[in-house]
1. With every protein chain in place, what's the accessible area of R169 (1.4 Å probe, Å², nearest 10)?
2. Starting with the highest mean, order 146-152, 257-263, 212-218 by the number of other Cβ atoms within 10 Å, averaged over the residues of each peptide.
3. Could you tell me what percent of the accessible area of region 71-140 is made up of carbon and sulfur, with a 1.4 Å probe and every protein chain present?
4. Write down the accessible area per residue of the chain in Å², having rolled a 1.4 Å probe over the full set of protein chains.
5. Could you work out the Rg to Rh ratio of region 1-114, with Rh taken as the Kirkwood radius (inverse of the mean 1/r over all Cα pairs)?
6. I need the phi-derived Karplus couplings for region 29-43: 6.51 cos²θ - 1.76 cosθ + 1.60, θ = phi - 60°, integer Hz, Gly and Pro marked x.
7. Tabulate in residue order the Karplus-calculated ³J(HN,Hα) for region 201-214, using 6.51 cos²θ - 1.76 cosθ + 1.60 with θ = phi - 60°, rounded to whole Hz; enter x for Gly and Pro.
8. By accessible area of protein heavy atoms, probe 1.4 Å, what ranking do W54, W170, W176 get, highest first?
Amino acid sequence: MEGFLFALLPALTWGSLVLVSEKLGGNSYNQTLGITIGSLLFAIMMTFINPPEWSSLVWIVGIISGIGWAFGQLFQFNSVKEIGVSKTVPISTGLQILGNTLFAVIIFREWNDKMTIIIGIVAIICLITGVLLTSYGDGDNKKEGSMKKGVFYLAISTVGYVTYVIVVRWNEVDGWSAILPQAIGMFLAALLLSIKHKPFNKYAGRNILTGMMWAVGNIGLLLANPKVGVAIAFSFSQMGIVISTLGGIFLLGEKKSQKQMAFVIIGCVLVIAGGIMIGFTKE
């Protein structure tokens, strides 16, 4: 039971992170910097509570991973400003799963039997279909430019997020040991990316809270993996898109037609289903 509670933490915290950050206000630079400050403070606390083992490799990999995350988060926020939370998060989630899966299959050779390949292909079909349904625009040509810009930002965001995950996996670095180096890389990259935009204001301060939320989700995933397995922990973490997508519609007032609403819900279900199936290919 404890393992499942840990596995729910990423879904709850990561799923509501963009939603909470938008409510707290600020631009993408304020928000990203605030999150990294919160994550860094949390990482420092965890270091004192449970001192990890560090090496030069852990520090290098962790910092590179954190830099990737900062790019991923900043451009995800940029996308939110263009197309809203209810479109950004499902598309972002689907692209991240696809990107990580391609690396897992091509580089790490994770799909090594027929059943796994079948499940994986069905999962990818679900993900692509879900992303397309979620991004359905109902013929609104006025926002066509914003949609193109939002998707462009998400492409950059996906590269950053995939780098954040893959570089740790590639070098077989322990996730717990990488927490502080990652947080330092996140903060330094966010600072460099945002310094020209005068990010230090009340909105950056408010978003320290969302940084703490992100860090709690990260710890939850690390604690859940050994207790319930990667497949279940990974699958549970995908459930957060329901919170962010529906929250964007009902709490932030992002307007949808009935047809769009139906497509968004079906799209979310398909992205979750694809994420769950991908999770089981990692067992």
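The values are calculated or read from the model by the stated rules, or taken from the named source; none is laboratory data. Keep in mind that what you see is a predicted model, and the values were worked out from it rather than measured. A quick note on method: Cβ atoms are made from the backbone with ideal geometry, for glycine too, and the neighbour counts reach across all protein chains shown. Just so you know, the surface numbers come from the protein's heavy atoms only, side chains and all, with ligands and any DNA or RNA stripped out. Shrake-Rupley method; radii C 1.70, N 1.55, O 1.52, S 1.80 Å.
1. In the full protein context, R169 sits at about 100 Å².
2. Highest mean packing first, the order is 212-218, 146-152, 257-263.
3. 70 percent
4. For the chain, the per-residue accessible area is 47 Å².
5. Taking Rh as the inverse mean 1/r over Cα pairs, Rg/Rh reads 1.01.
6. 6, 4, 5, 5, 5, x, 4, 5, 5, x, 5, 5, 4, 5, 4
7. Values, residue by residue: 8, 4, 6, 5, x, 4, 6, 4, 4, 5, x, 4, 4, 4 Hz.
8. Working: W54 105, W170 145, W176 55 Å².
I get W170, W54, W176, largest accessible area first.
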